[in-house]
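Down below is the structure, laid out as structure tokens.
The values are calculated or read from the model by the stated rules, or taken from the named source; none is laboratory data. As the structure is a computational prediction, the values presented were derived from the model and not from experiment. Cβ: placed from backbone, ideal geometry, glycine included. Neighbour counts: every protein chain shown.
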Amino acid sequence: MTGGLPTATINIGIMGMFNELPFLYVIGGKDLPERVHNIEVDETIATALKYIYKAYSESMLGVSD
């Protein structure tokens, strides 16, 4: 997660191997509650990443929970 931005967040990443069908994702938000005192934003982003990874795993890797 982005450090140093109290009311915004951005998370950029790649799932999979970079040279074989990489999946680029970007999650962002602005005008959020101050993240120093409110961890709900970070928890929501972490939950979203879990859903993205699950969808990626099922569609690209054929893996399901």
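Inspect segment 37-58 for any residue being touching a helix residue (DSSP H, G or I) at 6+ places or on another chain (Cβ under 8 Å), surrounded by 12 or more Cβ atoms within 10 Å (Cβ to Cβ) and in contact (Cβ under 8 Å) with a residue 40 or more places away in the chain and give the result as yes or no.
no
Any idea which of (1) surrounded by 10 or more Cβ atoms within 10 Å (Cβ to Cβ); (2) at pLDDT below 85; (3) over 14 Å from Tyr56 (Cα atoms); (4) within 15 Å of the chain's Cα centre (by Cα) is the one Gly28 doesn't satisfy?
Gly28 satisfies all of (1) surrounded by 10 or more Cβ atoms within 10 Å (Cβ to Cβ); (2) at pLDDT below 85; (3) over 14 Å from Tyr56 (Cα atoms); (4) within 15 Å of the chain's Cα centre (by Cα) except (2).
Take the conditions polar (S, T, N, Q) and either at pLDDT 85 or above or touching an Asp or Glu at 6+ places or on another chain (Cβ under 7 Å) (or both) and apply them to Thr7. Does it pass? Please lay out each step first, then the result.
Numbers: polar (S, T, N, Q): yes; either at pLDDT 85 or above or touching an Asp or Glu at 6+ places or on another chain (Cβ under 7 Å) (or both): yes.
Yes; evaluated as a whole, the condition is true for this residue.
Please find, within segment 31-65, the residue that is modelled with the lowest pLDDT out of those that are of a type in the set (Val, Ile, Thr) and in a loop (DSSP other than H, G, I, E, B).
Checking each candidate, the answer is Val63.
Testing Thr7 on (1) surrounded by 12 or more Cβ atoms within 10 Å (Cβ to Cβ); (2) under 14 Å from the mean Cα position of the chain (by Cα), one condition comes back false. Which one is that?
Looking at each condition in turn, Thr7 falls short on (2).
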